[in-house]
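Below you'll find the structure, written out as structure tokens, and then a few comments.
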Amino acid sequence: MDQQADLPDRRGDDDGAETSLRRVLRVATQDVHDRLHRHAGFAAVQDATIGRAAYRDLVVRLYGFYATFEVAAAVAPVRSAWLASDLEALGLARPLHAVPRCPHVPRLDAAHRRLGALYVAEGSALGGRELARGLDRLLGRDVTAGRRFFIGRGAQTGEAWRNYLAQLSAAPRETSAHAEIVAGAVETFAAFERWLDGWTTSSEG
Ligand code: HEM
């Protein structure tokens, strides 16, 4: 499992793709991102203190978010498939179709809102790889099963992020387009945070 290399520096000018729009997105979502660092589930994964039942609850919640998000954003169901395989590895008691779905995902049928929403999904992969390492104790070193989602694209994460930033750089410069992009990101982060707030209530026992 290669999770180390190729992470871009969030604060640096990575390659000229650092746009003012990206800075606006980062500033607009900094508080919610910081709060998510302190989310009990993510923090416990990062600290390698999470137990199996709690981790499964977290993955159940993530599945419920991404299954809805991918439909709303019209993207391939890659993350939900990774999460489904993780749930299978973790021993989900109920069938996948019975897993509750996030009802808060905003409408993302407009291209600019979708681009903003993808900032959240693509950006979360940067931290995800760090979180994957925190699961060594729970799942076993070098074991992929159960953390496929957090591993994500592995060593290709940086490249995927740069591709996303290139799309962002190509966005129209009109203020109205930027406002839509930022709204898509802010609303998606808000939906995610709200949904993750109730993560332990999905307990699978
Ligand atoms: C404990 C949980 C998390 C950790 C440790 C974490 C960590 C990171 C790291 C290391 C980066 C990359 C560069 C840096 O800041 O040095 C990053 C970027 C980012 N993360 Fe997180 N993250 C976490 C949770 C999340 C979640 C849950 C989301 C969204 C659902 C998210 C969205 C983002 C975004 C959008 C960026 C890109 C920011 C930018 O550079 O424009 N993160 N995160």
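FYI, it's all coordinate maths here, none of it is from the lab. In this text, all values refer to a predicted model and were calculated from it rather than measured experimentally. Cβ sites come from the backbone with ideal geometry, for glycine too, and all protein chains shown count toward neighbours.
What the table below lists for this structure:
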item: With Cα atoms, 0 to 90° folded angle of helix 111-133 axis to the chain main axis; result: 40
item: Folded to 0 to 90 degrees: helix 157-169 orientation relative to the chain principal axis, Cα; result: 30
item: Part-to-part distance (alpha-carbon centres) for segment 170-201 and segment 68-126, which is given in Å; result: 14
item: Computed over the chain, the ratio Rg/Rh where both radii use C-alpha atoms and Rh is Kirkwood; result: 0.96
item: Relative contact order for the chain, counting Cα pairs under 8 Å that sit 6 or more residues apart, in percent; result: 38
item: Full-extension gain in nm, ALA53 to ALA40, via 0.36 nm per residue minus C-alpha separation; result: 3.3 nm
item: Extreme residue, positive dipole direction of segment 54-205, given options VAL120, ALA84, THR144 (C-beta unit charges); result: THR144
item: Magnitude of the charge dipole, segment 101-169, Cβ model with Lys/Arg +1 and Asp/Glu -1, debye to 20; result: 160
item: Contact order relative to length of segment 118-205, as percent, for alpha carbon pairs under 8 angstrom and 6 or more apart; result: 32
item: Nearest-ten-degree value, helix 78-90 long axis tilted from longest Cα axis of the chain; result: 20
item: Longest exposed-site-free window of the chain, the sites being trypsin sites (Lys or Arg not before Pro) in a DSSP loop that have at most 14 other C-beta atoms within 10 Å; result: 39-106
item: Debye, to nearest 20: dipole size of the chain, +1 on Lys, Arg Cβ, -1 on Asp, Glu Cβ; result: 380
item: Cβ-based exposure ranking for VAL182, VAL24, in which fewest neighbours within 10 Å come first; result: VAL24, VAL182
item: Separation of the VAL75 and ALA160 label points, Cα + 7 Å toward Cβ, nm; result: 0.8
item: Positive-pole candidate from THR157, GLY41, PRO172, dipole of segment 20-200, charges at beta carbon; result: THR157
item: Virtual spin-label span in nm between ARG194 and ARG141, 7 Å along Cα→Cβ; result: 4.4
